[in-house]
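Peer 1: Here's a structure for you.
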Amino acid sequence: MSEVGRLVLLGAPLGNPADASARFREVLAAADVVAAEDTRRLTRLARDLDVTVPGRIVSYFEGNEERRTPELADVLVAGYTVALVTDGGMPSVSDPGYRLVRAALDAGVPVTAAPGPSAVTTALALSGLPCDRFCFEGFLPRTPGARRSRLRALAAEDRTLVFFEAPHRIAGALADLAEAFGADRPAALCRELTKTYEEVVRRPLGELAEWAAEGDPRGEITLVVAGAPATPAVRPDDETLRAAVAEREAAGLSRRDAIIEVATAYGLRRREVYAVVHS
């Protein structure tokens with residue numbers, strides 16, 4: 001134990017244990033406490049890597065993250081090294097970790113990382129879609145209404161988008177994506193990355209939605225979607241703007257949200273669309 005503790009974020013293999021770095025092994029073998037999203041999965045991984053974990057292993061997942069964070073922060077302040085590992089990829093990226101990182105920093109405890117695999121960048125590289133500019137949206141809302149609203153707000157985003165999605169929701173999510181972004185928008189569904197049954201399906205959103213509805217894909221899914229194509233800088237006439245707002249209102253949006261979406265879609269100021277609608 002040292003006078004100052006340390007939090008180490010471990011980038012865990014997505015599926016293939018051989019992707020674990022030498023530093024990943026070193027930290028596991030030296031940490032005083034290992035906080036794992038799934039302790040059983042960590043134990044299997046350590047066995048596959050032939051690494052003995054002498055430190056105390058505790059669970060740290062969505063269900064107990066809020067309660068366990070203060071406990072681990074106390075361990076860090078007491079001068080111990082805590083390693084944080086999720087089921088795959090980097091902690092805090094749509095996985096437990098942010099709360100503990102924030103608590104450690106607030107307590108003046110150093111935070112470092114042993115970088116490793118990331119489903120986000122792995123899927124992006126395999127997708128065949130532009131990688132120079134992208135945004136990560138994590139998991140979409142679970143309810144259809146909230147999901148459609150989020151997608152409508154993202155429809156004009158010109159950067160490549162990366163999503164995580166659960167297998168039982170992927171068909172519905174793809175159908176909503178095709179409706180919001182257009183059935184012809186290029187996309188790639190990456191399933192079970194680095195694992196035995198890795199699969200990357202590259203198709204337009206409409207075809208992907210049909211494929212998912214018929215095939216019922218399983219496993220961990222990362223979805224990459226091309227950004228919105230550049231729109232011509234031609235201002236539509238007032239009647240077109242009114243019709244676009246009315247169409248969105250008929251679909252259930254409030255007038256305010258409809259105006260915001262139309263303004264975003266055509267690259268106009270909200271006040272300009274507002275003035276047209278209320279003229």
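Peer 1: Taking into account only those residues within region 120-160 that are touching a strand residue (DSSP E or B) at 6+ places or on another chain (Cβ under 9 Å) and β-branched (Val, Ile, Thr), which is nearest to PHE181 (Cα to Cα)?
Peer 2: Out of the qualifying residues, it is THR160.
One line per residue, one yes/no per condition, for (1) of a type in the set (Asp, Glu); (2) in contact with a Leu (Cβ under 8 Å, 6 or more places away or on another chain); (3) at negative phi; (4) open to solvent by less than 40 Å² (accessible area, probe 1.4 Å):
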position	(1), (2), (3), (4)
GLY116	no, yes, yes, yes
LEU129	no, no, yes, yes
ASP132	yes, no, yes, no
GLY145	no, no, yes, no
ARG148	no, no, yes, no
LEU154	no, yes, yes, yes
LEU161	no, yes, yes, yes
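Peer 1: Moving on to the next point. Determine if region 205-217 includes at least one residue that is assigned to a loop (DSSP other than H, G, I, E, B), open to solvent by 90 Å² or more (accessible area, probe 1.4 Å) and touching a residue at least 12 places away in the same chain (Cβ under 8 Å).
Peer 2: For region 205-217, residues assigned to a loop (DSSP other than H, G, I, E, B), open to solvent by 90 Å² or more (accessible area, probe 1.4 Å) and touching a residue at least 12 places away in the same chain (Cβ under 8 Å): absent.
Peer 1: If we keep just the residues of region 53-70 that are more than 27 Å from the chain's Cα centre (by Cα) and open to solvent by 50 Å² or more (accessible area, probe 1.4 Å), which is farthest from GLY97 (Cα to Cα)?
Peer 2: Keep residues of region 53-70 that are more than 27 Å from the chain's Cα centre (by Cα), which gives 53-56.
Checking the rest, the ones that are also open to solvent by 50 Å² or more (accessible area, probe 1.4 Å) come to 54, 56.
Numbers: PRO54: 22, ARG56: 18 Å.
My answer is PRO54.
Peer 1: Further question on the same structure: Looking at region 249-279, which of the residues that are modelled with pLDDT of 90 or more and not in a helix (DSSP H, G or I) is nearest to ALA153 (Cα to Cα)?
Peer 2: SER254
Peer 1: Same structure, new question: Out of everything in region 25-52 that is buried (at least 22 other Cβ atoms within 10 Å of the Cβ) and small (Gly, Ala, Ser), what residue ends up being nearest to PRO13 (Cα to Cα)?
Peer 2: For region 25-52, the residue satisfying everything is ALA36.
Peer 1: Moving on. Please return the ranges of helices (runs of 4 or more DSSP H) entirely within region 46-158 where 3 or more residues are closer than 26 Å to GLU26 by Cβ. First the steps, then the outcome.
Peer 2: On the way: elements: 65-77, 98-106, 119-127, 144-154.
Correct list: 65-77, 98-106, 119-127.
The values are calculated or read from the model by the stated rules, or taken from the named source; none is laboratory data. All values reported here derive from a predicted model rather than from experimental measurement. So basically every Cβ, Gly included, is an ideal-geometry build from the backbone, and we count neighbours across all protein chains shown. Ligands, DNA and RNA are excluded from the accessible area calculation, which covers all protein heavy atoms including side chains. Shrake-Rupley method; radii C 1.70, N 1.55, O 1.52, S 1.80 Å.
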